[in-house]
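Below is one structure, written out as structure tokens, with a few remarks after it.
The values are calculated or read from the model by the stated rules, or taken from the named source; none is laboratory data. Everything numeric in this text was worked out from a predicted model, so none of it was measured. Heads up, the Cβs are rebuilt from the backbone with ideal geometry, glycines too, and the neighbour counts pull from every protein chain shown. With ligands, DNA and RNA removed, areas are computed over all heavy atoms of the protein, side chains included. Shrake-Rupley method; radii C 1.70, N 1.55, O 1.52, S 1.80 Å.
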There are 2 protein chains.
Amino acid sequence: MASEAPRSALKRERVRDYLMELVESRAPGDPIPSERALCEQLGVSRPTLRSAVDELVTTGVLLREHGRGMFVARAKITQELAQDHDALRLPQASGTWTSRVLEFDTVQAGARVGRKLHLSPAADVVYIARLRLVDGEPMAIEYLHVPAALVPGLSPADMESGDFYDTLRDQHGVRVHEAVQSIEPTVTNEEEAELIGVPVLSPALLFERLTQDDTGRPVEYVHSVYRGDRYRIVSRLTLAHPTSAWRYTGPPG
Amino acid sequence: MASEAPRSALKRERVRDYLMELVESRAPGDPIPSERALCEQLGVSRPTLRSAVDELVTTGVLLREHGRGMFVARAKITQELAQDHDALRLPQASGTWTSRVLEFDTVQAGARVGRKLHLSPAADVVYIARLRLVDGEPMAIEYLHVPAALVPGLSPADMESGDFYDTLRDQHGVRVHEAVQSIEPTVTNEEEAELIGVPVLSPALLFERLTQDDTGRPVEYVHSVYRGDRYRIVSRLTLAHPTSAWRYTGPPG
DNA sequence: CCGAGAAGGTGGCATAGACCACTGGTGGCG
DNA sequence: CGCCACCAGTGGTCTATGCCACCTTCTCGG
């Protein structure tokens, strides 16, 4: 009854801060003590400690490896991007992009995809799931839907080598012209995490794109998830004349 | 030893799937049973149930309110964006943007910001933290650094009304011309979550922008965090000529 | 009639302990 | 000498339980 301390210091936060200091005193890739050892050092239970570790894994500070231990993550965490920006991440342009096709099927469009592509729900579409890699490292998972009538004879190999838009133009006479794309933040689910090689619930970018050819005909509907720890979007915007590109993120000033 | 079932069904996943069905059978805003009631229904312990709920709160399916209960979230979750796209979120253009200044100070640039703005670390910069709102709802938190010499007499009120770039041009003769911006996914920390009004570790977009005027002089360095459940970027891209804009996300095809 | 306080329900945090699944090293066996 | 089975250590999951903070509602007293 007496004083009732504000108790702003949750154990979980205390543990997290302790771990942050511990991480900063070590080099990337270094192991840190085991969960049970840390519990004893900090005087907290294992679920409490694991909860704090969960947060640091999600924010990209720590890595866990089952049966091996916990390690300081290699990449700088996103939250601290603003503190060490210049030496950050791989530039978009660099690296060699390759693809690995995971699924390749002709299926019925269904209601949702059919509406997107202006097709009947029963119309055939080619459904492709493919992994995008940069220098062999998984970077994104991409799900494409293309009207089957547009791409007769399309093979999985076509989706692994060269640019898809080049293939569309050269082999099918379809000239991609315009696209509407949305981007939003998300977190990885089990499947995406597994394929991209990041923990579940890691920050990621969700792209959705509907592409049209020069006659206004829908060509592809793409839905893709990019890992957030290795990928970012960099754009150069020009103002002066209030162009559409500049304003696209809402009010900048 | 006999058969050793694959046991792919973790309790946590079973609980999550059960909750997802439960959510889909209800309308947005509806309450769902209490944690303790769900535990009994599902035959799991409360920590296990809470763990599953945590995931659904992070992915935007459920809302928790301390002392009141749990509710079906209003916005469609990000993960399911692809399933109901047309009726999604608020369009970028709609809504009235306002700002609330949280901090407004003249401080020394420091090493990092000084490097960005091409200033000495000891040079004065105006540091502004402001909340951006759409129709009164918090949408983003924005941290600006502007060289103090550029904006003599700038007041907090200037940052709450009108467009900052208009203010720069009309009151200080600075004509914003070009910017380099990066976008990446992140999750909210305590401060951001508190200010924006979302749970900690919610998906969000991290913007970083360096703006120059028409003489190439750095004008502002901005770092902002947008909530992911209400905000997305929509852009229209045109191909045909391989312009820079189109390629900015890496290889599209 | 209305306001203040008590009671009960809810989510929030933390504990101690158990067992499972995976990894890597080590020692025994072929 | 080489291979493989075992085992100790690690993270992964789950249980049962307690107490706290917050909100709503009901009731009782003014």
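The residue in chain B that lies nearest, by its beta carbon, to the axis linking chain B with chain A is given here with the distance in whole angstrom as B:185, 2. Rg then Dmax, both in Å and based on the Cα atoms of segment A:4-72: 12.2, 43.
At 1.4 Å probe size, with the rest of the protein present, what percent of the exposed accessible area of segment A:4-72 is carbon and sulfur atoms? It is 50 percent, rounded to a whole number. Inter-copy label distances at residue A:190, using a point 7 Å along Cα-to-Cβ, come to 3.3 nm with the shortest given first. Solvent-accessible surface, computed for protein heavy atoms with a probe of 1.4 Å, shrinks by 30 Å² or more for the following residues of segment B:167-187 when the other protein chains are added to the isolated chain: B:176, B:177, B:178, B:179, B:180, B:181, B:182, B:183, B:184, B:185, B:186, B:187. In this label model, residue B:36 and residue B:10 are separated by 2.8 nm, measuring between points 7 Å along each Cα→Cβ vector. Across the accessible surface of segment A:77-235, with the other protein chains kept in place and a 1.4 Å probe, carbon and sulfur atoms take up 50 percent.
The Kirkwood radius of segment B:77-235, taken over pairs of alpha-carbon atoms, gives through the Stokes-Einstein law at 20 °C and 1.002 mPa s a diffusion coefficient of 128 µm² s⁻¹. Pairing chain A with chain B buries about 6400 Å² of accessible area. This figure sums both sides and uses a 1.4 Å probe. Panel note: contact residues of segment B:195-230 (accessible area lowered by at least 30 Å² against the chain on its own; 1.4 Å probe) correspond to B:201, B:203, B:205, B:206, B:208, B:209.
Put the Cα centre of segment A:6-57 next to the Cα centre of segment A:197-226 and the gap is 37 Å.
For residue A:170, the point set 7 Å out from Cα toward Cβ sits 5.5 nm from its twins in the other copies, listed from shortest up.
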